[in-house]
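J.: Pasting a structure here, questions to come.
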Amino acid sequence: MSIEVWPFLVSRNRYLDYRTVVAPDFICEAKTGNLLARVTTGDLTEPGKGFIRQIFGSKVGDFTIVYRILKATQKDLNSQVGDEILKDQFGREILLIEGVVIQEIKTQKNVLISQKNIEEVHQKLIEGYTEFWEHRDPHPAIPSDKLSLSIDSSSRPLQLEEIELFQVESPISNHNQEKKRVGFIKSWGNNVNYVVFLTIILAVMVAFGLIYRSEIWGGKIVYDCTTIEYKNIRLESKNNIDDVLNNLQKEYPDATIFLNAEFKLKSNKQWQYLIKREKLNELEKYTINLYGNILKLQEHPLDLAIAQLSNQEIVEYINISAKIINKKECQINS
């Protein structure tokens, strides 16, 4: 029995953060390789085990991924050396998230991939990872070719844990909305004088503050002003994350604050649940990624981070930065 697959790899090196290193050729052509880095979550896998996840609504159609997570070693760069675990420039252990893409939707019951198969895939990915290891600047993912994997009766299939399906936000609905907007404008253009039409649009934009909001107060004009401040945050200890985040919120009570952070956690069970839950809300822009016990937050709302990190023990502090958006009124003399 055989199955057609395309190998992929998500990892990091000494200088660059986790990203898609190798991706199927058709995914590279569609310039959507980063999707694989977004959808591969989970903890280290034991031999004979792996993950399976269904991906819907991507630019290249629906597909299934089967993968495992293991620690990268010196052997992955040079087969002649030992099993020392590779680390980044901060001394953190590096993970390899490697597997295959199946160009159709499959369930764990009808995917038969053995440990021998996944080792074969690993060997084909080593060349790409060795090339990536030397990169200091971002490069596009390396394309992989189709591979036929076969499993015989003596081989035992991997025990696959099914991860909740991932739905990519489709651009079709946005396209339809844009077509409606264009049709609306055209119909108005046919019935309303062009100058009058522009006047109406400008008036509406002013009324809703899309251009600016002005109010006259005794010889002064008040405009809406927005400032964006970026702030690096340092922890005095691994246990004062609550105090630091709460103080930040008190320091900027009227601001909207987003966090970009990376931590090494003692326990990641709570975050595995949160990752699944947050991805259900496609309207939010923030993301949560978990690589082993390393948690990464991107554009994460401060109030949500305070609630989620309140009972977490940070084993290793890596970095935290805040994006602080202040909306205030500034006065200009008329």
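J.: Taking just the alpha carbons, could you work out the radius of gyration and Dmax for the stretch 1-119, both in angstroms?
T.: Taking only Cα atoms of the stretch 1-119, I get Rg and Dmax of 14.8, 45 Å.
J.: Let me ask something else about it. Find the accessible area per residue for the stretch 55-96; the probe is 1.4 Å, ligands and nucleic acids are left out, and the unit is Å².
T.: With the other protein chains kept in place, the stretch 55-96 gives 47 Å² per residue.
J.: Okay, next question. Write out the GluC sites (Glu not before Pro) in the stretch 78-151 meeting two conditions: DSSP loop, and at most 13 other Cβ atoms within 10 Å of their Cβ.
T.: Glu84, Glu104, Glu134
J.: Using θ = phi - 60° and the Karplus form 6.51 cos²θ - 1.76 cosθ + 1.60, what ³J(HN,Hα) does each residue of the stretch 64-71 get, whole Hz, x for Gly and Pro?
T.: Result, rounded to whole Hz: 10, 10, 10, 8, 9, 10, 9, 7.
J.: Can you give me the long-range amide H partners of Tyr291? Hydrogens built in the peptide plane at 1.01 Å from N, cutoff under 5 Å, separation of 5 or more residues or another chain.
T.: Lys296
The values are calculated or read from the model by the stated rules, or taken from the named source; none is laboratory data. Owing to the predicted nature of the structure, the values given are computational and were not obtained by experimental measurement. Don't worry about glycine lacking a Cβ; one is built from the backbone with ideal geometry, like all the others, and counts go over all protein chains shown. Each accessible area value is taken on the protein alone, full model and side chains, heavy atoms only, with ligands, DNA and RNA left out. Shrake-Rupley method; radii C 1.70, N 1.55, O 1.52, S 1.80 Å.
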